[in-house]
Amino acid sequence: MQNCIKRKHEPNSFFLHDTNQVFTEIDIKQNETVIDLGCGLGLYSVEASQRVGPSGQVYALDLSKDCLSNLEELMTNEKITNITTVLANITHPLPIEDDLADICLLITVLHIPKVTIKAHELAAEVKRILKPAGRLVVIDCYSK
């Protein structure tokens, strides 16, 4: 868990803005399916899981087994049952079925050089997994 432990102590974009306002703007509804690409610590996934309710679903994808394990531990402690963690590299084809997501979150991942290089491929994958009326949410923050 070394990578994830280090990230726990760094500034996190989740706390750099008014989370309630951000999620109000995103307008996640009960029963929706949300995909959190590059979920990291999973804080956005947890918030999304509360907003989709028990009959909604959140898929939290990340390349780090440590971060996903950390999120799974949090899910167990908080009795969260509507998040599915998925070990995946978002610069490769996503292990998500077509037209599944109502909302796809790309939060603080587009600045990562390996992701930036594959932005066209990632955009095609996001389009594939989003429902026809689905929404892409991009948030990127800068902190000193």
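The values are calculated or read from the model by the stated rules, or taken from the named source; none is laboratory data. Model, not experiment: these values are computed from the prediction. For neighbour counting, all protein chains shown are included, and Cβ atoms are generated from backbone atoms with ideal geometry for every residue, glycine included. These area figures cover heavy atoms from the full protein model, side chains too; ligands, DNA and RNA do not enter into them. Shrake-Rupley method; radii C 1.70, N 1.55, O 1.52, S 1.80 Å.
Computed values, structure above
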quantity: Accessible area of the chain belonging to carbon and sulfur atoms, whole % at 1.4 Å probe; calculated: 54
quantity: Options Leu74, Asn89, Pro113, ranked by Cα towards positive dipole end of the chain, top entry (Cβ charges); calculated: Pro113
quantity: Counted charge near Asn89, where neighbours are those whose Cβ lies closer than 14 Å (Asp, Glu -1; Lys, Arg +1); calculated: 0
quantity: Antiparallel content of DSSP bridges confined to the chain, in %, to 5; calculated: 0
quantity: Along principal axes, Cα extents of the chain, largest first, whole Å; calculated: 38, 36, 27
quantity: Longest to shortest principal axis, alpha-carbon extents of region 19-76, angstrom; calculated: 30, 22, 16
quantity: 18 Å Cα-Cα reach of Lys127 towards aspartates and glutamates, excluding residues that sit fewer than 8 places from it in its own chain; calculated: Glu32, Asp36, Glu97, Asp98, Asp99, Asp102
quantity: Potential lengthening between Lys29 and Ile112 on full extension [0.36 nm per residue; Cα-Cα distance subtracted]; calculated: 26.9 nm
quantity: Electrostatic dipole magnitude of region 63-144 [Cβ: Lys, Arg +1; Asp, Glu -1; Cα centre; debye, to 20]; calculated: 280
quantity: Charge dipole magnitude, Cβ of K and R +1, D and E -1 - region 16-68, Cα centre, debye nearest 20; calculated: 160
quantity: Theoretical ellipticity at 222 nm over the chain - DSSP helices of four or more residues, -39500 (n - 2.57) apiece, nearest 500; calculated: -11000 deg cm²/dmol
quantity: The chain, relative contact order in percent, only Cα pairs under 8 angstrom and at least six apart counted; calculated: 24
